[in-house]
Amino acid sequence: MKRAKGLRLAALALGGAVLLSGCVTRTEPSVSTQIFVMDTIMSLELWEGGSQEQLNQAVEQLYQWEDLWSATDEDSEIWAADHSGGEWGTLSGDTVDLLSQALDLCRLTGGALDLTAYSAVKAWGFTTGEYRVPEEEELAALADGIDHTQVELDRDACRVRLPAGMELDLGAVAKGYAGARLAEQLREQGVTSALLNLGGNVQTVGGKPDGSPWSVGVQDPASEQVDNLLAIQVVDQAVVTSGSYQRCFQQDGQTYWHILDPETAAPARTGLASVTVVGPDGTVCDGLATALFVLGEEAGIELWRAHSELGVQVIWVREDGSVIKLGDRDVLVRLDPMVIDGEPKGTVLMLQYVENLQKAEIAVRQKLNQKGLVAKYSFQDIIGHSAPIQRAVEQAKRFARTDSDVLIIGESGTGKELF
Ligand code: ADP
Ligand code: MG
């Protein structure tokens, strides 16, 4: 169904709290708007160097992309490709570009990201909200029909061909790509500071107007409110989360969500609640977030290690609320709450990748000092003095590049993070 044009105009009119110029630190964007597009609420804020006209252009661009890529709109290019009965379908340049990058990511992730999962997504009712749990036989047939390697993309002739009956959707990558492209356009137009939140896919342009990084929160999946588990500091980067809590339904005590494992055509169940990917390329971040959610912790960490060229930082949040953060520098494992000998003792562990353990020890001592904990614990005391901590140490060693890279700090009985 087509969206009424009036909605677009209303959305455009919403934008534009214009800030009076002056030598004060900006507390509001110079222009901003919120729109509903690509099935989600997006907020666009231009903080420095942006105009209302540029904002309107960005909004119009998002609506155009939605018209091209919606899998449910019978006028879209994707709909045409999905219903072409095995014939070639023509694509515009932007669609070829997105599809080509997305198919690369399907290959890079060994098919954990698979754009041809759409028939399965539909079978579960995620496209209509009329949810159902397909029988095992149906799932097996659906899984057989998922295979990105059968998508033929002819870049030169701008066309695509899928086997009859196979359907693709770009839901797992479109918002990340849109963010990346908009950021690129805005930069070219002289915008030096902008924050685009495309339905949870955050894309930043530059840093804040004062030059400091943007602080982007990673949501606590267990929280009813929109509480943040931790915040990431970014400049010119995308921060994209895929989570089981984002679109799901319950039946017979089980929860089912919209991220499917292409091997089973059923929701990917690997003990993760969410995966956040931070990096320079929004398309990569979006595709990887979905794929890493499907792959689970072990295989995901392996993929992250094998592809340092992507320059991404990843935050895995497990269903029990613990966190693994892998980036250039550090790993954070939060085990909270923790029970020791039947007694609840909130314990938080910090694991870091460090180049220089001595330097880290000094930093840790300073932190402990600031918190008034130095008298309570010596550096040695806080290394591995209980069974749960030992387990965490072993885990840390698995992630670390060398044994000496692992530094463990735990504070028993307070449940507070040291950092
Ligand atoms: P969101 O779109 O909610 O931000 P994702 O980027 O993780 O979340 O994309 C999930 C969407 O992608 C699903 O709604 C579905 O349309 C599609 N999808 C589900 N599983 C896969 C998969 N394994 N590979 C590619 N697309 C998928
Ligand atoms: Mg995604």
Counting just the residues of the stretch 285-306 that are at pLDDT 95 or above and in contact with a helix residue (DSSP H, G or I) (Cβ under 6 Å, 6 or more places away or on another chain), which one comes out nearest to Q101 (Cα to Cα)?
G287
What tally of residues in the stretch 114-133 results from selecting those that are under 23 Å from L162 (Cα atoms), assigned to a loop (DSSP other than H, G, I, E, B) and more than 7 Å from ligand 1 (Cβ to nearest atom)?
3
Is it the case that some residue within the stretch 103-124 is touching a Cys at 6+ places or on another chain (Cβ under 7 Å) and either free of Cβ contacts under 8 Å to residues at least 40 places away in the same chain or acidic (D, E) (or both)?
yes
Looking only at the stretch 119-135, which residues are small (G, A, S) and either buried (at least 16 other Cβ atoms within 10 Å of the Cβ) or touching a Lys or Arg at 6+ places or on another chain (Cβ under 6 Å) (or both)?
S119, A120, A123, G125
Restricting the stretch 83-102 to residues that are surrounded by fewer than 22 Cβ atoms within 10 Å (Cβ to Cβ) and within 16 Å of ligand 1 (Cβ to nearest atom), the one nearest to the chain's Cα centre (by Cα) turns out to be Q101
Would you list the strands (runs of 3 or more DSSP E) that sit entirely within the stretch 156-214 and hold 2 or more residues that are within 16 Å of ligand 1 (Cβ to nearest atom), at pLDDT 95 or above and under 26 Å from T27 (Cβ atoms)?
193-198, 201-205
Any residue at all in the stretch 223-239 that is under 20 Å from I324 (Cα atoms), crowded, with 24+ Cβ neighbours inside 10 Å, within 16 Å of ligand 1 (Cβ to nearest atom) and at pLDDT 95 or above?
yes
With the structure loaded, tell me whether A265 is in contact with a helix residue (DSSP H, G or I) (Cβ under 6 Å, 6 or more places away or on another chain), of a type outside the set (F, W, Y) and in contact (Cβ under 8 Å) with a residue 12 or more places away in the chain or whether it fails that test.
yes
Exclusive hit being assigned to a helix (DSSP H, G or I) and buried (at least 22 other Cβ atoms within 10 Å of the Cβ), set L68, L55, L46:
L55
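The values are calculated or read from the model by the stated rules, or taken from the named source; none is laboratory data. These numbers were taken from a predicted model, which means no experiment stands behind them. Every residue, glycine among them, receives a Cβ derived from its backbone with ideal geometry; neighbour counts consider all protein chains shown.
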